[in-house]
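A short reminder: the numbers here are calculations on the coordinates, not readings from a lab. For clarity, every value in this text was computed on a predicted model and none was experimentally measured. FYI the Cβ positions are ideal-geometry reconstructions off the backbone, even for glycines, and counts take in every protein chain you see.
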Number of protein chains: 2
Amino acid sequence: MDLQKIRYFLVLAEELHFWRTAERVFISQSSLSRHMQALEEELGIRLLERDKRNVKLTDAGKFLQQQWRVKVRELDHIQSQAKKISEGEAGGVSITYPGSIAFKFLPLFLDNLNSKLPNLKIELTEPNDENHEKLLLDYKADLAFGRDRITNSSIETYKLYAEPVCLIVPKAHWLTQENFVSLKDLQSERFILSGLHQKTFFASFLRNLFYNYDFEPQVLIESDFGGMILSLVSKGLGITILPSSFSYAKAENVRFIELDEEIGLYMNWRKNELNKAIERVVECGKETAMLYSEM
Amino acid sequence: MDLQKIRYFLVLAEELHFWRTAERVFISQSSLSRHMQALEEELGIRLLERDKRNVKLTDAGKFLQQQWRVKVRELDHIQSQAKKISEGEAGGVSITYPGSIAFKFLPLFLDNLNSKLPNLKIELTEPNDENHEKLLLDYKADLAFGRDRITNSSIETYKLYAEPVCLIVPKAHWLTQENFVSLKDLQSERFILSGLHQKTFFASFLRNLFYNYDFEPQVLIESDFGGMILSLVSKGLGITILPSSFSYAKAENVRFIELDEEIGLYMNWRKNELNKAIERVVECGKETAMLYSEM
DNA sequence: ATCGACTAATGCAAAAAATGCATTATTATG
DNA sequence: CATAATAATGCATTTTTTGCATTAGTCGAT
C-alpha cells in the first residue's frame, strides 16, 4: 500500500472534490480517481460514497481520515528524526529549555556548542507544559534542560548546577536583602506567580515553599512567562519568586532578594541514543556548566 | 513511499541477509535489492551498510526499524478497525470484562447479543491491568465492562447494576452471615486478595474498605485471578472479599457473607463511535442488565 | 597465492502499473 | 429539455517493477 495514496486520500477527504484535489496534488483527475479505487480495493473497504455529482466519506472513511492523519504525521516525524541521526554532527538536535536560563546559561551554552560543532543545526523550544519526559520519549526533543530530574529508566539525567531562588520586588519596595527575615512576613503582599495549579516542577516547588511557610499567597496575576512577570513587578504590580537566573534579564527597577532555598538545573536526554551528535552536545552542556559555575 | 518496502525492510533488518529475506517475502533477491535502494533513495537516508559479504544496519536504520515496527503494527490495527466499521453488524466488536461477571452476567449478555446480532463477531479479553480507558481510546477495545465509571469526555458510561461485596470463607469457618458483625473482627484472619498495590478500581476499593474499618489485613497470598482466589479459599488457605457475582462460580466448600458495601458494574464505550454495531451492542447490554436485575 | 563458495549489485527484456487525454455517463439546475 | 458539473473509463504512452542470468567483490580453506 502506497503512503502516497493515503496522502491523496487525506486531501480528498478534506476537499471532497476530485478535480480540486487532483489539482492540489498535481496529478490528473483520472489518476486520482484510479488511485482511490485502488486504495479501496487493497483495503477491501469502501471509503467514499460517490454519486455522479457528490463525494462524501463513509464512516470507515471518516475513521481512517482521523487515524491516518495522525499516523502520517508521526511517520514524517520519524523520518526527519532518522535524517538527523543519519547526518550526525552535520544534522540537528532539538533542545527545550526553561525561560529562566535564556539570559545567561543558554547563550553561553549555544556559543560554546557553535564553536565545537559549527555544522550542527539547533532547534530551540520553550515548552509551556514542561512535560519534558514525554517530549523526549516521543522524539519531539533530543535534549531537555529543566528544573527537575526526570526519573525514567530510558532517560539519562545530569545536574548542571544549583542556584538560589529569589524574591523579586520593585526598587521602591520596603523589603531589602538586609531587612528580610522570613517569607511569613509577606502574607499581606500581592504576588505575581507562574500558574500554581500547573503541573510544572517550578509550580510544585512554589506550592511546597508556601506550604512550608504555612501560608497561602495572595496571587494577583498568574503568568507562565518569566519575562512578563518580571516586567509586571518592575511596574510595581506585585512581587514574585523566581530563580536567581532572572537577574541576568536586565530588568529595570527591581531588586532581587536571595532566599535560602535552592533550585537545580538539570539536563535530560535519551539513553542509548543513536544520534551521535547528542553525546557531543551533552558533553558541551557539562562543560558549559563548569564555566558558568566559575563565573 | 510504499509501505510494502517498509515491510520488506523490517524483515531484512531482522534477517540481515538479502537471499533469505527475499525468500521469506516471496520476491527475487534482485527485486529486494532494488527495493532497498529505492527506499534509501526516497528517504535520502542510508539504511544498510553492505560490503560484498555482509549486511548490517546503520544507526538510522536501527532507529527506523524500531519506530517503523511499531507504526506498521498500528497502521494494521487501524485498518482492521476500519474494516469492522465498514462491515457494521456483520463486522465485529471487541469487549473487555472483569472476571467477576464471567459466570452469570456475561454469558447472559452474550446469549442475548447472539440472538439479536447473529452475524456479529465478538472478541473477548479479560485485561490484567484494567486500564479500560486507554484500551478504548487506542481502539484496542470497543466496549469495556468494568467496576468503575470512566470519566473522560470522549467516553460514554452507563451503570448496569450494583451488587453487594461479599466476604468469602471456607464452609468450615466459624463466621456466618448471622454471627457476622464487623470487618474489624477479622484482624487476625489471613486474607487472600487481589493485589492491593495495583491501580485497578477493585484494589483501591479494597484499600479504602480496610482504611474505613481502620485496619491492615494480613495478606497471605495475592492473586489477580478471582477463580484462583476462590479455589484457595475453598482449600481453607484463607478468606477473601469479592463481588457477590462470584457466587455463581459454583465453588465448592465456601460460604458467601454479604457486606453492606456495594460495588457497581459499568459499561463504557467511545462517544460518537462510527462503528454502528456498537450502539446495538450497548442497547443489548442495557437490556441484559434489566433482565439480570429481575432474576 | 589460488580457488571456490557466497552474496549483493546490475544489465536486460518482459510484464505490470501509472499517467493523462479525450470521452462517456450520470445528475442537478434553470 | 438543454446545460453545466463531475466522477468514471477506454486507450495509447510512459514509467516502474520484476526475475533471470551474470558480474564483481569478499571470505576462508588449502
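General remarks:
- For the protein assembly as shown: rounded, prolate or oblate by the Cα gyration tensor [a/c cutoff 1.5]: oblate
- Shielding score for A:43-51, defined as the mean number of other chain Cβ atoms within 10 Å: 2
- Zone residues, the stretch B:222-242, relative to B:ASN128, backbone N less than 13 Å from point 7 Å out along Cα-to-Cβ: B:223-225
- The stretch B:161-219 and the stretch A:150-182: distance between their alpha carbon centers, rounded to Å: 48 Å
- When chain B is treated as a Gaussian network with alpha carbon springs shorter than 10 Å, the biggest mean-square fluctuation among B:GLY88, B:GLY146, B:GLY61 belongs to B:GLY61.
- Helix axis angle, A:3-15 relative to chain A longest principal axis, alpha carbon, degrees: 80 degrees
- Full-stretch length increase - A:LEU237, A:LEU291 - with 0.36 nm per residue and alpha-carbon distance subtracted: 15.8 nm
- GNM on chain B, alpha-carbon springs under 10 angstrom: the most fluctuating residue among B:LEU113, B:LEU48, B:LEU137 is B:LEU48.
- Between A:GLY195 and A:SER223, A:ASP224, the built amide H atoms are under 5 Å apart, and every one of these is 5 or more places off in sequence or on another chain.
- Rounded if a/c under 1.5, otherwise prolate or oblate - the stretch A:162-261, Cα gyration tensor axes: rounded
- Within chain B, percent of DSSP bridges classed antiparallel, to nearest 5: 70 percent
- Maximal additional length on extending the A:LYS276-A:PHE215 stretch stands at 17.1 nm, based on 0.36 nm per residue less the C-alpha distance.
- Choice from B:SER234, B:SER28, B:SER194 showing the highest fluctuation, given a GNM over chain B with Cα pairs closer than 10 Å: B:SER28
- Considering only beta bridges that DSSP places wholly inside the stretch A:162-261, some 65 percent are antiparallel.
- Model label sites at A:ARG207 and B:GLU222, defined 7 Å from Cα along the beta-carbon direction, differ in position by 2.7 nm.
- Label point distance in nm, B:VAL70-B:SER182, each placed 7 Å from Cα along Cα→Cβ: 5.1 nm
- Amide H contacts under 5 Å for B:ASP2: A:LEU3, restricted to partners 5 or more places along the chain or on a different chain, H placed in the peptide plane at 1.01 Å from N.
- Label-to-label distance, B:ARG34 versus B:GLU15, with points set 7 angstrom from Cα along the beta-carbon direction: 1.8 nm.
- Cleavage-rule hits (chymotrypsin sites (Phe, Trp or Tyr not before Pro)) in the stretch A:1-82: DSSP loop, at most 16 neighbouring Cβ within 10 angstrom: A:PHE26
- With a 10 Å cut-off around each Cβ of B:71-77, the average count of Cβ atoms from other chains is 3.
- Between 0 and 90°, nearest 10: helix B:276-294 axis offset from chain B longest Cα axis: 10 degrees
- Subtracting the Cα-Cα distance of A:TYR158 and A:LYS83 from their residue separation scaled by 0.36 nm leaves 24.3 nm.
- Helix-only [θ]222 nm of chain A, DSSP H runs n ≥ 4, -39500 (n - 2.57) each, per residue, nearest 500: -13000 deg cm²/dmol
- Ascending count of other beta-carbon atoms within 10 Å, so fewest first, for B:MET1, B:MET267, B:MET295: B:MET295, B:MET1, B:MET267
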